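Report on the following structure.
The values are calculated or read from the model by the stated rules, or taken from the named source; none is laboratory data. Worth saying up front: this structure is predicted, and the values here are computed from it rather than measured. With ideal geometry, Cβ positions are generated from the backbone for all residues, glycine too; neighbour counts draw on all protein chains shown.
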Amino acid sequence: MKIIYLGHASLGIETNGKQIIVDPFISGNKLAKHINLEELKADYILLTHAHQDHVLDVETIAERNGATIICNAEISYYYDKKGFKTIGMNTGGKFETDGIKIKSTIAFHSSSFADGSYGGNPNGYVIESEGKRIYIAGDTALTYEMKLITETIGQLDLAVFPVGDHFTMGFEDVCFASDFVQCNKVLGYHFDTFPPIKIDHQKAKDFFTSKGKELILLEIGSDLRV
Ligand code: NI
Ligand code: MN
């Protein structure tokens, strides 16, 4: 699996010959000016919740690529009405497509569209493909529920957590979260985009190193493989 950091909480995932874009927020991100939205390929768009900093570019990408939007029930109704292809899940459910398994997990956050309409429960996802397993936490607080993930699904190869604090966990809580999911390899996202979530990269990485863990903070546009 190849994971490309597209800035903020946006990820590109290439696996099994398919492209998944997670929470596209690119045109509104000053730090992601070098990412060309028009060149992004997507078979699927995976959404954790309805906040604008997670769905801003959904329609542009879905229209251009004919992509299917995988999300919670309420977000799927919203995009269904606009004529997009959607698969609506809900917390705890799993779904398999093109050999890629996707399980919706618990996240503690809120979820509303920019116009204030209800966006259902926020979620994270575990994606399992090509013998690898990654957890994308979505916007969330630290929660004991994370302990269930590895217990019920199995060992993770990578955990993606928000590290910017203020709207989500900060990196100190993410250290606990990585214990809960028994995964010491963490990719941080949801940081630096806005003033309240600007973080000191070295301080965050050093904190992880002092606990025997690894915090990866990718440059926007770069990638890692699991
Ligand atoms: Ni949010
Ligand atoms: Mn957010």
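Annotations for the structure displayed:
- Candidate set from the stretch 1-55 (those that are of a type in the set (Phe, Trp, Tyr) and under 15 Å from Tyr189 (Cβ atoms)); member that is nearest to ligand 2 (Cβ to nearest atom): Phe25
- Residue within the stretch 75-90 that is more than 25 Å from Asn121 (Cβ to Cβ) and out of contact with any strand residue (DSSP E or B) (no Cβ under 7 Å at 6 or more places or on another chain) present: no
- Meets criteria (at pLDDT 95 or above and farther than 21 Å from Ser10 by Cβ) for Val181: yes
- The stretch 171-192, subset in contact (Cβ under 8 Å) with a residue 12 or more places away in the chain and surrounded by fewer than 21 Cβ atoms within 10 Å (Cβ to Cβ), residue nearest to Asn29 (Cα to Cα): Asp192
- Matching residues in the stretch 164-204 - criterion: being more than 30 Å from Ile153 (Cα to Cα) and either away from ligand 1 (no atom under 12 Å from the Cβ) or acidic (Asp, Glu) (or both): Asp192, Pro195, Pro196, Lys198, Ile199, Asp200, His201, Gln202, Lys203
- Considering the stretch 1-95, the qualifying strands (runs of 3 or more DSSP E), each wholly inside and each with 2 or more residues that are over 20 Å from Ser112 (Cα atoms), run over 2-5, 11-15, 18-22.
- Just one of the listed residues (Tyr77, Tyr5) is modelled with pLDDT of 95 or more and more than 27 Å from Phe194 (Cα to Cα), namely Tyr77.
- Residue satisfying condition, being touching a strand residue (DSSP E or B) at 6+ places or on another chain (Cβ under 9 Å), surrounded by 24 or more Cβ atoms within 10 Å (Cβ to Cβ) and at negative phi, within set Thr68, Thr48: Thr48
- Residues being more than 16 Å from ligand 2 (Cβ to nearest atom), within 13 Å of Ala50 (Cα to Cα) and either crowded, with 16+ Cβ neighbours inside 10 Å or among the polar types (S, T, N, Q) (or both) - total across the stretch 93-128: 1
- Qualifying residue in the stretch 212-222 (condition: out of contact with any Lys or Arg (no Cβ under 9 Å at 6 or more places or on another chain) and without any contact (Cβ under 8 Å) to a residue 60 or more places away in the chain): yes
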